[in-house]
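Readers should treat all values here as calculations from the given coordinates under stated rules, not as data from a laboratory. Computed from a prediction, not measured in an experiment: that's the story for all the values here. Neighbour counts are summed over all protein chains in view; Cβ atoms, including those assigned to glycine, are modelled from backbone coordinates with ideal geometry.
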Amino acid sequence: MFALWSGSTTTGHNGVISNVSDQLAITTGLADDNSFSVSASTFNPEGWDYDNELVDIDVLAADHFNNMVPAGTVIVFTAEGGAIPGSCTTGGLTNPDGACSVQWRSQNPRPFATTLVQCPVPFYGDTNPPCMGTSKTLFDSGINSLLPQPRPGRATITAYAIGEESFVDLNGNGLFDVVDTNSDGVIDIDKGETEPFTDISEAFTDHNEDGFYRKISQSSSLADLLVQPVGSVGEEFVDYNNDGKFNKADGKYTGLLCASGPSLACTDTGLDDNRAQVNIFRNIPIVMSGSTPMIRLVSIDGDTMTKATGIDLMDRTDPLNPIPKGAQTVYLFVSDVNNNTLPYGTKISTSIDNGKLLVPAGGEGYAIASNASNKPLIYAFTIGQEDQPNQKLSGALVVTVKTPKGSPVSVTLNIKDGG
Ligand SMILES: [Ca+2]
Ligand SMILES: [Ca+2]
Ligand SMILES: [Ca+2]
Ligand SMILES: [Ca+2]
C-alpha cells in the first residue's frame, strides 16, 4: 500500500485518492492534521542495556469532521533507535476504526551510544550525571541540568500518514473557503482572508526534539536558522512531492476539501480545484533508559545545592542544652547514565533506624512512572524526631534505587537527634 503512495508523482496522487473509497474521497475519510494522535504505552523502557523491551505505539486518526478514518488508512513509522514495524493499517480484523498500533522494541542502534556524557557544569568537581550544578534556579531552567546535544539514549519515533491540513469551516459548507474578512468587497488571500487553517511542512524525524527539521523553519514566513546543532544532523524528511528538497509549510491550505472558488488559496498539485494532500505527522521520544542508577543526595538552602552529609535534628549551639530544630528535608537527584530518566518501574525504597521519615508518607518509597525526562528527577525525603525517643542519638537513612532489571544502588545519610 505504501509503495503505491511512494510512487505517486508531482503530477498527482491519484493512487492515494483511489485508495480512499469513492464516496469519501472529496468530503470525508481522509486523516487531518489536528486529529492525528500518537502515544506510547511507556516512554522510558529499560532499553539501554537490554534488547527486546517492548513499547506499544498507538495511532488514532480522524478526518476534518472528527469522524474516525475508514479501514485501510496506512500509518507509516520510522525510529531513530531500536526497531519498529514499517506501517500499520486502520480498521479491519485486528484494529479498531480509525486506529492501529505497532510494537517498538529495544535493540541497536542506540542513539549516540559512543558520545561522551559530561554534564555542562560540575557538581563540586563531579561532571557525571545526575547533571545539576549548584544552583536550583539554573537546574530548573535546564542550563545546568541538560546535556549538550547530542543527547544519548533518546529515540525519536515518527508516525505519518497521507492526509490533509485542518481548517475551521466558518460558513458550514464542509469546504475550505476564502472569506472577505474586512468586508471591503475584495478578497486578499495574501492577507489571510481565508478560513483559518493549520499549515504544515513535509514530515521529518525530529531527533533532537527541538521542533525543527535541522533548524529549517517549518513556517513559510519564518527565516531559516542556519546554525546546525550537533544533535540535529542525522534528521531525515519524507519527500512527499519528490522534489528532492524539504518543503516548508507553503502558506496555503493543503487538502481535498478546497472549495472550487478559492483555488489560489490552496496548494496546487495539478489536480482539479487544487485538491491536494500532505503527510500529517507526529514525533515522540522514547527514552532507552539505562539500568545503572546515578544518584546524589542533596541539601537545598535557598538557591544553593550542596551534597547532603547528614541531618542533625537538634540545635547544639549550647552543647549542654540542645534544642529540637524540627523536621528537615533532603533531596535525591536521580538519572540514568545518559542523564535521562531511569526506566518505568524503578523503585526508590528507604530504611531508617533513627528519626522518623515523614515524607514519603508512611515511610514508603517512590516509583518512577512513564516519562521522557531529559534531566534528573528529584525526590524529597523529610525526617523528623520519632514520636517516642528510641534511645538512640545517631543512625542512618538508607535510600536504595533499583531498576526492574538492574542492581540496587544505595546512598546513606547520617541522622542525629535528641534521643
Ligand atoms: Ca467553509
Ligand atoms: Ca530537530
Ligand atoms: Ca519535498
Ligand atoms: Ca499548506
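Here are the numbers for the structure shown:
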{"quantity": "Two-decimal Rg/Rh across segment 69-158, once Rg and the Kirkwood Rh are taken from alpha-carbon atoms", "calculated": "1.23"}
{"quantity": "Normalised per residue, the volume of the convex hull around the Cα set of the chain (Å³)", "calculated": "190 Å³"}
{"quantity": "Packing-based exposure ordering (other Cβ within 10 Å, fewest first) of 145, 135, 407", "calculated": "407, 135, 145"}
{"quantity": "Whole-Hz ³J(HN,Hα) from phi, Karplus 6.51 cos²θ - 1.76 cosθ + 1.60, for segment 80-85, glycine and proline x", "calculated": "6, x, x, 9, 8, x"}
{"quantity": "Eligible lysines near residue 307 by straight Cα distance, threshold 26 Å, same-chain separation 8 or greater", "calculated": "136, 325, 347, 356, 375, 392, 402, 416"}
{"quantity": "Residue of 341, 198, 94 that the Gaussian network model of the chain assigns the largest fluctuation, springs spanning Cα pairs under 10 Å", "calculated": "94"}
{"quantity": "Per-residue HN-Hα couplings for segment 298-313 [Karplus 6.51, -1.76, 1.60; θ = phi - 60°; Hz; x = Gly/Pro]", "calculated": "9, 9, 10, 10, x, 9, 9, 10, 10, 5, 6, 9, x, 10, 10, 7"}
{"quantity": "Anisotropy class of segment 82-230 from Cα gyration tensor, a/c 1.5 cut", "calculated": "oblate"}
{"quantity": "Where N is the number of residues in segment 302-369, Cα Rg divided by 2.2 N^0.38 Å", "calculated": "1.46"}
{"quantity": "Most mobile of 150, 122, 322 in a GNM of the chain (Cα contacts under 10 Å)", "calculated": "322"}
{"quantity": "Nonlocal amide H pairs with residue 279, under 5 Å, H built at 1.01 Å", "calculated": "163, 203"}
{"quantity": "Convex hull volume per residue for segment 275-419, taking Cα atoms only, in Å³", "calculated": "154 Å³"}
{"quantity": "Nearby lysines by direct alpha-carbon distance to residue 191 (threshold 21 angstrom, same-chain neighbours under 8 apart not counted)", "calculated": "248, 252"}
{"quantity": "Sequence-distant residues sharing a close amide H with residue 286 (under 5 Å, placed H)", "calculated": "155, 156, 157"}
{"quantity": "Candidates 114, 403, 329, ranked by Gaussian network fluctuation over the chain, Cα under 10 Å, top entry", "calculated": "114"}
{"quantity": "Rounded to whole Hz, the Karplus (6.51, -1.76, 1.60) HN-Hα couplings of segment 388-400, x for glycine and proline", "calculated": "10, x, 9, 6, 9, 8, 8, x, 8, 9, 10, 10, 10"}
{"quantity": "Eligible aspartates and glutamates near residue 245 by straight Cα distance, threshold 15 Å, same-chain separation 8 or greater", "calculated": "202, 224, 235, 236"}
{"quantity": "Normalised contact order of the chain, rounded percent, pairs of Cα under 8 Å and 6 or more residues apart", "calculated": "16 percent"}
{"quantity": "Mean ellipticity per residue at 222 nm, deg cm²/dmol - from DSSP H runs of n ≥ 4 across the chain, formula -39500 (n - 2.57)", "calculated": "-1000 deg cm²/dmol"}
